[in-house]
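The values are calculated or read from the model by the stated rules, or taken from the named source; none is laboratory data. Please read these numbers as outputs of a predicted model, since none were measured by experiment. Glycine also receives a Cβ, built like all others from the backbone with ideal geometry; neighbour counts cover every protein chain displayed.
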């Protein structure tokens with residue numbers, strides 16, 4: 001585990017889609033969130049995907065049967081505040097999870113299986129009802145007491161990229 005005052009996930013977007021008439025105002029506004037104590041905050045622009053992960057690593061990490069997450073290109077996210085990180089290899093990829101250095105809240109993950117992307121957790125959003133899941137993945141590892149949402153596409157392993 002390593003601790004640093006700045007996070008390697010940090011990057012500013014600079015991409016302005018405010019003139020894009022195919023999106024509503026709510027879709028254009030950054031998703032804002034942060035940790036339990038308020039020391040870490042983030043803004044996430046232009047999410048690329050959102051869903052539930054039922055893998056055993058996410059179950060252990062979240063303490064629940066599934067983990068609601070939102071992913072975006074790393075350059076679409078800006079994080080401020082003191083972070084601590086933990087990297088582990090799972091399958092063939094290294095996953096780096098970032099936490100608030102003060103309260104320990106999980107804030108973001110960099111999945112080695114999707115280089116250039118960052119993931120945040122729906123429960124860390126300031127407005128969690130803006131979470132719009134599109135799929136469930138790793139359902140073969142799911143807990144019977146936390147089944148996938150039957151209205152969403154489900155994948156026994158990783159959801160298809162693209």
Go through region 148-162 and give me each residue that's closer than 23 Å to residue 90 by Cα, in a loop (DSSP other than H, G, I, E, B) and without any contact (Cβ under 8 Å) to a residue 40 or more places away in the chain.
155, 156, 157, 160, 162
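Consider region 112-126. How many of its residues are without any contact (Cβ under 8 Å) to a residue 40 or more places away in the chain and in contact with a strand residue (DSSP E or B) (Cβ under 7 Å, 6 or more places away or on another chain)? Walk me through it before giving the result.
In the first step, residues of region 112-126 are kept if they are without any contact (Cβ under 8 Å) to a residue 40 or more places away in the chain; the result is 112, 115.
Going one step further and asking which of them are in contact with a strand residue (DSSP E or B) (Cβ under 7 Å, 6 or more places away or on another chain), we end up with 112.
Going through region 112-126 one residue at a time, the tally reaches 1.
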Residue in region 22-32 that is part of a strand (DSSP E or B) and either out of contact with any helix residue (DSSP H, G or I) (no Cβ under 8 Å at 6 or more places or on another chain) or modelled with pLDDT of 95 or more (or both) present
yes
Taking residue 47 as the residue in question, decide whether it is in contact with a helix residue (DSSP H, G or I) (Cβ under 9 Å, 6 or more places away or on another chain), outside any loop (DSSP other than H, G, I, E, B) and under 21 Å from residue 33 (Cβ atoms).
no
Could you please find all residues in region 90-100 being surrounded by fewer than 19 Cβ atoms within 10 Å (Cβ to Cβ) and over 16 Å from residue 158 (Cβ atoms)?
96
Of the numbered conditions (1) under 13 Å from the mean Cα position of the chain (by Cα); (2) within 20 Å of residue 141 (Cβ to Cβ); (3) at pLDDT 95 or above, residue 62 fails exactly one; give the number of that condition.
(3)
Which condition number in (1) within 23 Å of residue 127 (Cα to Cα); (2) assigned to a strand (DSSP E or B) is the one that residue 85 fails?
(1)
When you go through (1) surrounded by fewer than 13 Cβ atoms within 10 Å (Cβ to Cβ); (2) farther than 20 Å from residue 34 by Cα one by one for residue 113, which number turns out not to apply?
(1)
Note on region 74-89: residues crowded, with 18+ Cβ neighbours inside 10 Å and within 15 Å of the chain's Cα centre (by Cα) are 76, 77, 79, 85
